[in-house]
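Report on the following structure.
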Amino acid sequence: MSRLPSLGPRGEGWLLLQLLLLLAIVAAAMAFPLPVDSSVQQTARVVGLVILVVGLIVFGLGIVTLGSSLSPLPAPMPSAELVERGIYRFIRHPIYTGLILAALGGCWWPIEVTPGWAQSIAMALPTGWTMAALHRLMSFQAGAAAALPYGIALAVAALAVGWIAVRTFRYA
């Protein structure tokens, strides 16, 4: 038996804690920007792209291999079986691993170098807001005030989604 609290019947609280941790990472980047020169930026973009692609492959293999047992919540569905084939032979949590790798790789690939349509899609998503804030801090060495509107938008979105979740999900 696990000593960790369940935080909901299927671990819904753990999902919320993950989102809060991501918000804390963004806040830390806003508070402590790192200056980087252009040669480091170019190298980071190449390395970032490789990490991003590897992350997406691992993520995709995890989803395909999991099949009908896929769930966004930590606790498995009652009918789910432990998957030990495919990518799960090598990585216990390939979906999380892939998402983390893709996010880390994407942090080094600036949205400014993508086509206009991709920039529009990115700025319609909270991840796009996060990356815009991080790039202003890291790539453009702007102060925390430049990232503040994005942080406020993320906080409002998190509160809205949290409110919807509390109103929608019922515990059995």
| query | Looking only at the range 59-93, which residues are part of a loop (DSSP other than H, G, I, E, B), at pLDDT below 85 and surrounded by 13 or more Cβ atoms within 10 Å (Cβ to Cβ)? | reply | LEU70, SER71, LEU73, PRO74, ALA75, PRO76, ALA80
| Out of GLY116, GLY162, GLY151, which single residue is without any contact (Cβ under 8 Å) to a residue 60 or more places away in the chain and of a type outside the set (Val, Ile, Thr)? | GLY116
| said: Is it the case, given these coordinates, that ALA145 is farther than 20 Å from VAL54 by Cβ, small (Gly, Ala, Ser), in contact with a Gly (Cβ under 7 Å, 6 or more places away or on another chain) and surrounded by fewer than 17 Cβ atoms within 10 Å (Cβ to Cβ)? | reply: no
| field | Residues of the range 71-80 classified as touching a residue at least 12 places away in the same chain (Cβ under 8 Å) and either over 13 Å from ARG10 (Cβ atoms) or touching a Gly at 6+ places or on another chain (Cβ under 7 Å) (or both), total | value | 3
| query | Got at least one residue in the range 31-44 being modelled with pLDDT of 80 or more and polar (S, T, N, Q)? | reply | no
| query | Conditions: (1) closer than 23 Å to VAL50 by Cβ; (2) surrounded by fewer than 15 Cβ atoms within 10 Å (Cβ to Cβ). GLY128 meets all but one. Number of the miss? | reply | (2)
| note | Residues of the range 137-152 being small (Gly, Ala, Ser), touching a helix residue (DSSP H, G or I) at 6+ places or on another chain (Cβ under 7 Å) and outside any loop (DSSP other than H, G, I, E, B), in sequence order, are ALA144, ALA146, ALA147, GLY151
| remark: Checking LEU49, LEU56, LEU134, LEU104 in turn, the sole residue that is more than 23 Å from LEU19 (Cα to Cα), of a type in the set (A, V, I, L, M) and part of a helix (DSSP H, G or I) turns out to be LEU49
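The values are calculated or read from the model by the stated rules, or taken from the named source; none is laboratory data. Keep in mind the model is a prediction, meaning the values are calculated, not measured. Neighbour counts run over all protein chains shown; Cβ positions are idealised from the backbone, glycine included.
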